[in-house]
């Protein structure tokens, strides 16, 4: 159930250039799932609309969620000013997350690029902690970065086999996440991915060519975050029940989609 609520800032720190790590105490942690997001409201009247930020990690026992975000404008720049003890207004929990049950008994690979890396941490954690018939055969993470600022990489190493690709070749494979998949001969039955559109298009093509099931989390600018404004529509292969044409609202039907349902 979506609700607008006040969240208490627990901590905030810089992870890399322009990348901030924010922990919030909020009742929304009870319902948060990997791949979902929240809308965070800036204080300034000129930046009225909430900014969508993926949930990086969840600590349900402490009623806390972790947001790792990049400063891209005045709204997210405001968030960097918050200190422990401050209150932030958030809207959540929003969107549909990754279907972890699709990894049961399979070789699962989580793939992230840029600011699409954070939501895959909770995904990898939960996949690695599944038990019984729901447990994957294996869990690997393939993360792509611009350079040696490989934020969150140490945390991925604790829950999965980690492979890194960097554009400048400073760490791991030189190139992108698919270059790392090929160079490291990583085998997958199911892929969970988040990142920029060119990366997701390439992953879909790779998955189709290799008979791999893929679930993609789309990054998109949003206005309302609840499906009312139609500002974050993507093309699909099926007719949407809401619009009656072949598209879907990323904020409500997504952000996670079966790659087979997307027209990329």
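The values are calculated or read from the model by the stated rules, or taken from the named source; none is laboratory data. Predicted model only: the values in this text are computed from it and were never measured. Positions of Cβ are backbone-derived with ideal geometry, glycine not excepted, and every protein chain shown enters the neighbour counts.
Tabulated values for the structure
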read-out	value
Strands (runs of 3 or more DSSP E) fully within the range 83-173 counting 1 or more residues that are crowded, with 17+ Cβ neighbours inside 10 Å, under 17 Å from the mean Cα position of the chain (by Cα) and touching a residue at least 60 places away in the same chain (Cβ under 8 Å)	87-94, 107-113
Unmet criterion (only one of (1) more than 30 Å from residue 132 (Cα to Cα); (2) surrounded by fewer than 21 Cβ atoms within 10 Å (Cβ to Cβ); (3) under 17 Å from the mean Cα position of the chain (by Cα)) for residue 59	(1)
Any hit, the range 25-40, residues being in a strand (DSSP E or B) and over 28 Å from residue 145 (Cβ atoms)	yes
Failed item, numbered, when residue 221 is tested on (1) at pLDDT below 75; (2) at negative phi; (3) surrounded by 14 or more Cβ atoms within 10 Å (Cβ to Cβ); (4) in a loop (DSSP other than H, G, I, E, B)	(3)
Residue match in the range 13-23 (condition: more than 18 Å from the chain's Cα centre (by Cα) and either in contact (Cβ under 8 Å) with a residue 12 or more places away in the chain or under 19 Å from residue 125 (Cβ atoms) (or both))	yes
From 52, 42, 34, residue being surrounded by fewer than 21 Cβ atoms within 10 Å (Cβ to Cβ) and not assigned by TED's automatic domain parsing to the domain that holds residue 250	42
Residue count for the range 234-248, restricted to those that are buried (at least 18 other Cβ atoms within 10 Å of the Cβ) and modelled with pLDDT under 75	2
